């Protein structure tokens, strides 16, 4: 059953509650709370480098998978709305980070994101490029990565939450 597209802007809100279990495993309860309710149970783990058991994908795998899945979803969703026929679709995503050791810890920084779209379509090239352009704008993850963001961290204390930034 298709849901009608809203006519006015609205907020899309996801929350995630994580619980540390095992050596490095995290069980995650991910919820969409607006504009509709959905719930997903996911897990992450690390391999031996971080002392984990590799019982679930590491967080970076979910991140890259989420980015790839997001653009693929938007391409297919918007293709229907733009009358662009997709006979076959595949996407290869490459994300590169700089990993710099700092004594016993390390720091990271993003270096680049590459998304290669293999789109089999009888539509003219201009229509295929227009589809990619709107899909990029509709991909929540890609739009988040394309701008500067403020991320707050707070630590819960007996007196309440305090800023960890």
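For the stretch 98-163, count all C-alpha to C-alpha pairs, find those more than 20 Å apart, and express that count as a whole percent of the total.
The proportion of pairs with Cα distances above 20 Å equals 61 percent.
One chain, two ends: residue 106 and residue 120. Fully extended at 0.36 nm per residue, the span grows by 0.8 nm beyond their Cα-Cα distance.
In the chain, the calculated helix contribution to ellipticity at 222 nm averages -8500 deg cm²/dmol per residue, counting -39,500 (n - 2.57) for every DSSP H run with n ≥ 4.
Can you give me the angle between helix 59-82 and the longest principal axis of the chain, using Cα atoms only, in degrees from 0 to 90, rounded to the nearest 10? Between the helix axis and the principal axis of the chain, the angle is about 20 degrees.
Out of every Cα-Cα pair in the chain, what percent are more than 26 Å apart?
On the way: 6210 of 13530 pairs.
Here the long-distance tail beyond 26 Å is 46 percent of all Cα pairs in the chain.
Straightening the chain between residue 27 and residue 163 buys 46.5 nm, computed as 0.36 nm per residue apart minus the Cα-Cα spacing. The angle separating the long axis of helix 125-138 from the principal Cα axis of greatest extent in the chain is about 30 degrees.
Computed over the stretch 31-122, relative contact order equals 20 percent, with contacts defined as Cα pairs under 8 Å that lie 6+ residues apart.
Between residue 113 and residue 34, the modelled label-to-label distance comes to 2.3 nm, taking each label 7 Å out from Cα in the direction of the beta carbon.
Using C-alpha pairs below 8 Å separated by at least 6 residues, the relative contact order for the chain is 13 percent.
Laboratory data are not the source of any read-out in this text; all were calculated from the coordinates shown. Remember, predicted model here, so these are calculated numbers, not experimental data. Every residue, glycine among them, receives a Cβ derived from its backbone with ideal geometry; neighbour counts consider all protein chains shown.
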